[in-house]
Amino acid sequence: MRTTALNNAWVKTRPYANPTVLSFVAAAILFAITTIAAPGFASQQHLPIFLTEASFIGIVAIGQFFVIVAGGIDLSVPSTITASAIVLSLLVGSNDSAVWWAVPAVLAMAAGVGVANGVGVTILGGSPIVITLAMNVLVVGALIAVTGGAKANSSTHTIEQLADGRIAGIPGSVIVWAFLYAIAAVVMGLTTFGRRLYALGSRRTVAIFSGVNPTPNTIATYMISAMLAAMGGIILAGHTGQPYLGLGDPYLFSSVAAVAIGGASILGGSGNVAGTVAGALTLTILQALFPILNLSPAALNIAYAVAILATVAFAANRAVTR
Amino acid sequence: MHVENPTAQQLAVGDFASRTLEGQRSDLVVEAAVKRYGATVALDGADFRATSGEVHGLLGENGAGKSTLIKILSGAVSPDSGRIELFGREVRFRRPIDAQRAGVRTVFQELSLVPDLTVAENLVFSGTDASTGLLRRPRRLRRHAVKVLDSLGVEGIDPDALAGDLSLQQRQRLEIAKAVTAEPRVLILDEATSALAATEVAWLTQLARDVAAQGAVVLFISHRLPEVRAACTCATILRNGSAVGTYDLGGIGDDLIIQQMLGRKMERLFPDRESQARERVVLETRGFGPVSTSGGADLVLHEGEILGIGGLQGQGQAGLLLALYGAVRAKGDIEVEGRPGRLHSPAQALAAGVALVPEDRGTQGLLLNKSLKENIALGILQQVSRYGVMRRDAEADVARRAIASLQIRASSPRQLAGQLSGGNQQKVLLAKMMATEARVLLLHDPTRGVDIGTKAEIFQTMDELSKRGISIVFFSSDAEELIHVCDRVAVMSHGSVVETLETAGLTEERLLRAAVRGEGK
Amino acid sequence: MSEPSSATAPIVLGVRLRSVLGRIPSLGLKLTPYLLLVLLELVYVSKQPDAFTRLAIGFTVAGGLCLAFAAAGQTIVIMTGGIDLSVGGVISLATVLAATRYHNSSASILAWTVLIVLIGAGAGALNGILLVWLNLQPFIVTLATWSFWSGVAFWILPVEGGLIPQRLLDWVNTNPAGFAVPIWILVVGLLLWMLVRRSALMFRIRAIGSNRDSAYLSGVNVPLTLITAYAISGACAAAGGVFLATQISSGSPNIGDDFILQAVAAVVIGGASLFGGNGSVAASVAGAFVLTLAGSVVFALGFSSQLEGVIRALILAAAIIAVSAGTLIKRRRQGRIA
């Protein structure tokens, strides 16, 4: 939507409070409610399990965050996750030492997908929704064509440990999540690259006129997103032991929702990576809440809807200067 | 308040009111209008009266409340309190459509044309279903558009062209046509001349008078005093959200007007300057311009020189600046600091020491949802970082220095750019480009929509920059600015430079003649 | 008024000529979906000569009609510069309602069909209301309402099932005046579009997508028009869902999910800009059938169904590249970089 900056009714200034802080508050409230409803929820046995579940969404959401902040969106995340999980399992087979070259290989494959997305969006000039959408179908199709639908089995030790192994009681996937989050926070918050992405997402023309080169920066975001999705897929492979088609499907909704709940604007240009953590936690809590309260998937869907609207409505940055 | 000219005929609001009691009606009355945006008071109990049959000017700095008053009269914004009376009846506008139904038509500064609709469609488009019949029939619509444009003397606009493809000047004329053709009872022209050339301003002045003669109230807002004098019989001056007086323009001097607008005496608008141009050539072009336009410009820019770009509107000046900056694909030869080769992107231009202050500060120059600091830093990321990591202290430092040296009025470097007034936003934009330490500054109409006080400050800054050896290419739609600020003026027509004139002793007529003569070629 | 000088006449002519010439590439762009459709049909017919009978065409139309409805509604929303992800939930809900509420009588079927479409319109209006009231982006609002209506569908019918009255199934399979019912529905729908294409409402919708501030200043009631646009999308999705139910003879609480992105793809193939301001329902419908035919063509060409996904993606990619290339050429001609 092309709008001008009209200094009147359309420009509202400043959110009620920092959107990221608000999203954490919301997550904390939900956590408290769940703990009351199910006292075992916060126990030493259950908490790591809960955090592992959250880490999958969290890792993918970080990648989605990069793309969204720069003004795009990555709808090819589901197939990238699925393909990474299956390809890794097939490459490794039962040969544990193969992990050391298989993981980089899968990440490189994902990077290729990301670059293709980026090129489609920048050089070809297509809209991100359309390009990544097509890529999603292409990757799945290619996966089926190449593997012929073979069943993959990823029960090697290293991969399992990566996901479920514990260090000081903390599951491997959570450690990976924390590590990736830290890097992302530094990059987005402290580097010139982060500044360029925020500028591109706020108003692309201004960024270009300020000397930002949109092409490599945008391609980089799609590459990052794809690689993080692949990371998520790899860890999922270790966690589930038997990756299947459709493994990555739920993560489209949840990665975008996590970014939005975390207070970032869907149009780009604002938001904090920390918000994706709160978003991932919120979604996972909701997921957990329902079996506990004995509610059907129907109610879960309705609750998702309300949760998204409520948190985004309160947390959304209201400076509508587009 | 010390009145400069004792012979000036000053009708204070009170006097006007007493004239009303003598039987002179006021067709448009605004009483005690108040509008606040958070902590900012835009209108502080403004009283305003205007009569039909004459063109009434509205003067004031940015932030004086002019735009807010206009928006209230147009229905775009609702006042917090106060009343409006139109032809004797009280009215309450909640949305623009209410004002339009009451016969108010506004030519907005931001323009209300829909880019994806054609010229013909834009002429009749409104929120109502009134134009349905015409919209359904493309051929009849087109004929209607041709008739309207011809009858108003608007030339050179294709009724089937998309409004978004027109030049700024064409869009402004179309916007004016759209408002006038609706036969309004109140016509508001908000900075309607900002993109027009001198000949077209005369056209608009005549149009405004015609509409007024037909019994409408016509309000004319402009920052250019000569235009206001030419078009209006009287003018109301706003300052700090209220009206300080309504004056008969016949007997009042510019100095008093400016004094009333500013609330203080003002030094001259243009700096007393001498050319600082040196021998060395920093920029040279031959046959240069955007690939999409005809013609090509031959320019020579010396170190420390302020070179003006003039000519009638829409003759390729905007495209030239964009091409020089690498923002559009260019053709022709160019040498920057002796190095040949075109600049293929703004990033390359900045690296070569060429910076552009673009036309539209809101959509091309600044990120309105980001702070002052961040905006300034965006153009100099490498300078305020080390190995790719931002240095907050360096960033804050640059911002503070910029605020101080350009006297930017902001609460802090953290204030959002979108919250600043137009003039201050322009200063931030200028500061941002100056921070890049460019040796060649391209300025695209930097004083458009900027108050007089800030204009003077910007011209002063330009003079100081030239003294430091920085070369400036200055495109302005105001001939007076070109004459008083520049060392030379390159007059453009159809994408080429037809004549380059020294500004010493240059008159506006001479400049206009050169511009028009280029037309005939 | 001044006389137009002789100097300006060539300028006017030049402007006119350039605008006519300039419109040729965009004309080519506008024809893309139709050309693709014709191309696909030719390939299909060459492999299966009996594909060009009224019967076969009827089948094809029936197979793609739900998507066509979804694409039609999505076009309207995209013209405002937004997007409607909730059609997934609305389509599912429509099939579920049809499968559980219809009784085997014309009155019941008719009444419930109208009601279902109204519910769809209501769901759409709710999108519009949330959009305006909460001042959020369409993506997020419709993402949430998609989840919500899916939930409602699951609640009514947790697993695929239910029953569509035989009466309705029989009627859909009839051939009034020699043409299948789906073909009639399509034709009526397109005629409706032709009537409505240049209505004031459509212009208001395009204006909002083109420049929301301009639309507001021109007097458009932005909130009302947005709500109307989303209501239309919801109604179209519901209508598509009802038809879909007759094709699968049951209701399914998650069948609508696949249609969301496909509908957007159909609109893209149809040439509408995702930023808003432009669009044609007819072109988007053509785009919908391009996607539908792609599946049949894959089958006819003898590829295994495993490759169907790839082929579909390739066709989608080809369409996207064609449209993007066209826009790219246009932008290069104008010399625009930013």
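Return the average number of partner chain Cβ atoms within 10 angstrom of each residue Cβ along peptide B:151-157.
If you average over the peptide's residues, the count of other-chain Cβ atoms is 4.
For B:Ala32, what charge total do you get from the other residues with a beta carbon under 15 Å from its beta carbon, if Lys and Arg give +1 and Asp and Glu give -1?
Charge balance in the 15 Å sphere: -1.
How high is the relative contact order of the stretch B:362-437, given as a whole-number percent (alpha carbon pairs under 8 Å, six or more residues apart)?
43
Roughly how much accessible area, to the nearest 100 Å², goes out of reach of solvent when A and C pair up, both sides summed, probe 1.4 Å?
4200
Relative contact order for chain A using alpha-carbon pairs under 8 Å, separation at least 6, rounded to a whole percent?
38
Pick out, in residue order, every one of the trypsin sites (Lys or Arg not before Pro) in the stretch B:272-372 that is DSSP loop and has at most 16 other C-beta atoms within 10 Å; say none if there are none.
Of the trypsin sites (Lys or Arg not before Pro), the ones in loops of the stretch B:272-372 whose Cβ has at most 16 other Cβ atoms within 10 Å are B:Arg278, B:Arg280.
Count, for each residue of B:111-124, the Cβ atoms from other chains sitting within 10 Å of its Cβ, then give me the mean as a whole number.
Mean number of neighbouring Cβ atoms from other chains: 5.
Where is the GNM fluctuation largest for chain A (alpha-carbon springs, 10 angstrom cutoff): A:Leu286, A:Leu30, A:Leu138?
Residue with maximal mean-square fluctuation among A:Leu286, A:Leu30, A:Leu138: A:Leu138.
What spacing in nm lies between the two simple spin-label points modelled at B:Tyr387 and A:Leu124, each 7 Å away from Cα in the Cβ direction?
3.9
Ignoring ligands, DNA and RNA, please state the percent of accessible area on chain B from carbon and sulfur, probe 1.4 Å. Let's see the in-between values first.
On the way: 9480 of 20610 Å².
The C+S portion of the solvent-accessible surface of chain B is 46 percent.
Just to verify a number: what accessible area does C:His103 come out at with the full protein assembly present, 1.4 Å probe, Å² rounded to tens?
About 120 Å², rounded to the nearest 10.
Within 10 Å of each Cβ in B:323-330, how many Cβ atoms from other chains are there, averaged over the peptide?
Partner-chain Cβ atoms within 10 Å, mean over residues of B:323-330: 4.
Put a dot 7 Å past each Cα toward the Cβ at A:Trp100 and B:Thr233; how far apart are the dots in nm?
Roughly 9.5 nm, to one decimal.
For the stretch C:30-328, what's the relative contact order in percent, using C-alpha pairs closer than 8 Å and at least 6 residues apart?
This gives 38 percent for the stretch C:30-328.
Short version: ³J(HN,Hα) in whole Hz for each residue of the stretch A:168-184, in order, from phi by Karplus 6.51 cos²θ - 1.76 cosθ + 1.60 (θ = phi - 60°), x for Gly and Pro, what are they?
Once rounded to whole Hz, the list reads 6, x, 9, x, x, 5, 5, 5, 4, 4, 4, 4, 5, 4, 4, 4, 4.
Cα atoms only: what Rg and Dmax, in Å, come out for chain B?
23.7, 76
With every protein chain present, what accessible area does B:Lys467 have (1.4 Å probe, heavy atoms only), rounded to the nearest 10 Å²?
110
Modelled label-to-label distance, C:Ile248 and B:Arg409, 7 Å Cα→beta-carbon offset: nm?
6.4
Among bridges DSSP assigns within the protein assembly as shown, what percent are antiparallel (round to 5)?
Working: 52 of 86 bridges.
Roughly 60 percent of the DSSP beta bridges within the protein assembly as shown come out antiparallel.
For B:Tyr247, enumerate residues with amide H under 5 Å from its amide H, sequence gap 5+ or separate chain, H modeled in the peptide plane.
Amide H neighbours of B:Tyr247: B:Ala235, B:Thr236, B:Ile237.
Averaged per residue, what accessible surface does the stretch B:218-347 expose to a 1.4 Å probe, in Å²? Walk me through the intermediate numbers first.
Numbers: 5030 Å² over 130 residues.
On a per-residue basis, the stretch B:218-347 sits at 39 Å².
Which FRET efficiency value, to the nearest 0.05, is calculated for A:Arg166 and A:Thr35 with the Förster distance at 25 angstrom and r the Cβ-Cβ distance?
0.65
Could you run the numbers on buried accessible area between B and A, total for both chains, 1.4 angstrom probe, in Å² to the nearest 100?
Working: alone 23580 and 15120 Å², together 35920 Å².
Buried: approximately 2800 Å² between A and B.
How large is the helix-only mean residue ellipticity at 222 nm for the protein assembly as shown, computed as the sum of -39500 (n - 2.57) over DSSP H runs with n ≥ 4, divided by its residue count, in deg cm²/dmol to the nearest 500? The partial results should precede the final answer.
Details: 44 runs with 663 residues, N = 1181.
For the protein assembly as shown, the value works out to -18500 deg cm²/dmol.
Give the residue from A:Val113, A:Leu197, A:Thr215 lying farthest towards the positive end of the charge dipole for the protein assembly as shown; charges sit on Cβ (+1 for Lys and Arg, -1 for Asp and Glu) and the dipole is referred to the Cα centre.
Most positive-ward Cα: A:Val113.
Set the Förster radius R0 to 60 Å, insert the Cβ-Cβ distance between C:Ala107 and B:Arg139 as r into 1/(1 + (r/R0)^6), and round the FRET efficiency to 0.05.
It comes to 0.80.
To the nearest 10 square angstrom, what accessible area does C:Leu201 show with a 1.4 Å probe?
Answer for C:Leu201: close to 50 Å² accessible.
Tally up the carbon and sulfur contribution to the accessible surface of chain A as a whole percent, 1.4 Å probe, everything protein left in place.
68
Considering only protein heavy atoms, with the full assembly of protein chains and a 1.4 angstrom probe, order B:Asp116, B:Asp397, B:Asp80 by accessible area, largest first. Could you put the intermediate results ahead of the total?
On the way: B:Asp116 15, B:Asp397 65, B:Asp80 85 Å².
Listed by decreasing accessible area, they come as B:Asp80, B:Asp397, B:Asp116.
Could you list log10 I(q)/I(0) for the stretch B:362-437 at q = 0.11, 0.16, 0.19, 0.21 Å⁻¹, which the Debye formula gives when each Cα is one point scatterer?
Log10 I(q)/I(0), no solvent term: -0.23, -0.48, -0.68, -0.83.
May I ask you to rank C:Tyr216, C:Tyr230 by accessible area, largest first, using a 1.4 Å probe over the protein chains only?
Ranked list, largest accessible area first: C:Tyr216, C:Tyr230.
Multiply the residue gap between B:Asn240 and B:Glu279 by 0.36 nm, knock off their C-alpha separation, and tell me the result in nm, one decimal place. Walk me through the intermediate numbers first.
Details: separation 39, 0.36 × 39 = 14.04 nm, distance 4.69 nm.
Taking 0.36 nm per residue and subtracting the Cα distance, the gain is 9.4 nm.
Enumerate the residues in the stretch B:432-472 having an amide nitrogen under 20 Å from the point lying 7 Å beyond the Cα of B:Arg268 toward its Cβ.
B:447, B:452-468
With a 1.4 Å probe and all protein chains left in place, how much of the accessible area of the stretch C:30-328 comes from carbon and sulfur atoms, in whole percent?
71
Hey, with R₀ at 45 Å, roughly what FRET efficiency would B:Arg468 and B:Thr199 work out to, going by the Cβ-Cβ distance, to 0.05?
0.75
Quick one: putting +1 on the C-beta of Lys and Arg, -1 on the C-beta of Asp and Glu, what dipole do you get for the protein assembly as shown around its Cα centre, in Debye to the nearest 20?
So the dipole magnitude of the protein assembly as shown works out to roughly 1000 debye.
The values are calculated or read from the model by the stated rules, or taken from the named source; none is laboratory data. Predicted model only: the values in this text are computed from it and were never measured. Note that each Cβ is placed from the backbone with ideal geometry, even for glycine, and that neighbours are counted across all protein chains shown. What goes into the accessible areas is simple: the full protein's heavy atoms, side chains included, and nothing from ligands, DNA or RNA. Shrake-Rupley method; radii C 1.70, N 1.55, O 1.52, S 1.80 Å.
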